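Colleague: Let me begin by handing over the structure; questions about it come next.
The values are calculated or read from the model by the stated rules, or taken from the named source; none is laboratory data. As the structure is a prediction and not an experimental result, all values here were calculated from the model. When we count neighbours, we look across all protein chains shown, and the Cβ atoms used for this are built from the backbone with ideal geometry, even at glycine.
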């Protein structure tokens with residue numbers, strides 16, 4: 001089992017914590033992590049670009065000129081794709097679907113792999129608690145500067161919602177807050193260090209520690 005140091009907000013080591021090997025000692029597989037990361041990015045993609053067909057463009061109900069006798073090419077509507085201001089042929093549509101299906105077991109395995117990699121490279125920082133007499137951006141910055149992850153990109157995970165901590169971290173450019181039970185592969189890879197309180201570790205082991213023999217066997221294979 002992996003033992004990780006526990007710090008306080010002053011940057012002092014106040015003990016160590018034994019982590020669940022089912023979550024924090026899983027061998028990483030790049031293919032699994034990459035597949036889950038790509039799927040998460042695709043599923044969060046918003047379809048913004050949208051063009052109108054000739055049937056959706058307003059106007060153009062009347063034939064611009066008669067079929068014959070004008071010497072000009074025949075046209076049925078000024079909203080034809082051939083006309084300026086007309087519809088668009090084969091343009092991007094808002095009904096496109098970029099979602100990718102990834103089963104829950106693969107998501108869980110990938111998350112465990114990334115968490116295990118954080119532990120293996122000493123990029124998991126455990127804090128006993130973020131409770132401070134006066135929690136403001138300045139105090140939050142000072143607390144993070146005393147940890148081994150100082151001046152790096154930090155993802156702060158909380159076991160319980162703490163509005164003061166969240167508001168304090170919002171103004172720091174390299175810091176983001178997330179609920180411990182909402183950890184995901186993309187956010188963990190985006191930030192160099194995971195700074196989590198002890199309540200968050202308990203929440204992670206409770207939510208993502210579902211014991212499944214097949215999951216463990218696949219991870220070890």
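Colleague: Please enumerate the residues belonging to segment 23-33 that are surrounded by fewer than 18 Cβ atoms within 10 Å (Cβ to Cβ) and in contact with a helix residue (DSSP H, G or I) (Cβ under 8 Å, 6 or more places away or on another chain).
Modeller: Result: 25, 27, 28, 29.
Colleague: For segment 154-213, please list each of the strands (runs of 3 or more DSSP E) lying entirely inside it that holds at least 2 residues being outside the structural domain of residue 40 (by TED's automatic domain parsing) and farther than 13 Å from residue 140 by Cβ.
Modeller: none
Colleague: Test of understanding: among 8, 3, 43, which residue is surrounded by 10 or more Cβ atoms within 10 Å (Cβ to Cβ) and at pLDDT below 90?
Modeller: 3
Colleague: I'm checking my understanding of the structure. Among residues of segment 1-28 that are in a loop (DSSP other than H, G, I, E, B) and in contact with a strand residue (DSSP E or B) (Cβ under 9 Å, 6 or more places away or on another chain), which one is nearest to residue 135 (Cα to Cα)?
Modeller: 9
Colleague: So, of the residues in segment 131-153 that are touching a helix residue (DSSP H, G or I) at 6+ places or on another chain (Cβ under 8 Å) and assigned to a loop (DSSP other than H, G, I, E, B), which turns out to be surrounded by the most Cβ atoms within 10 Å (Cβ to Cβ)?
Modeller: The qualifying residue surrounded by the most Cβ atoms within 10 Å (Cβ to Cβ) is 135.
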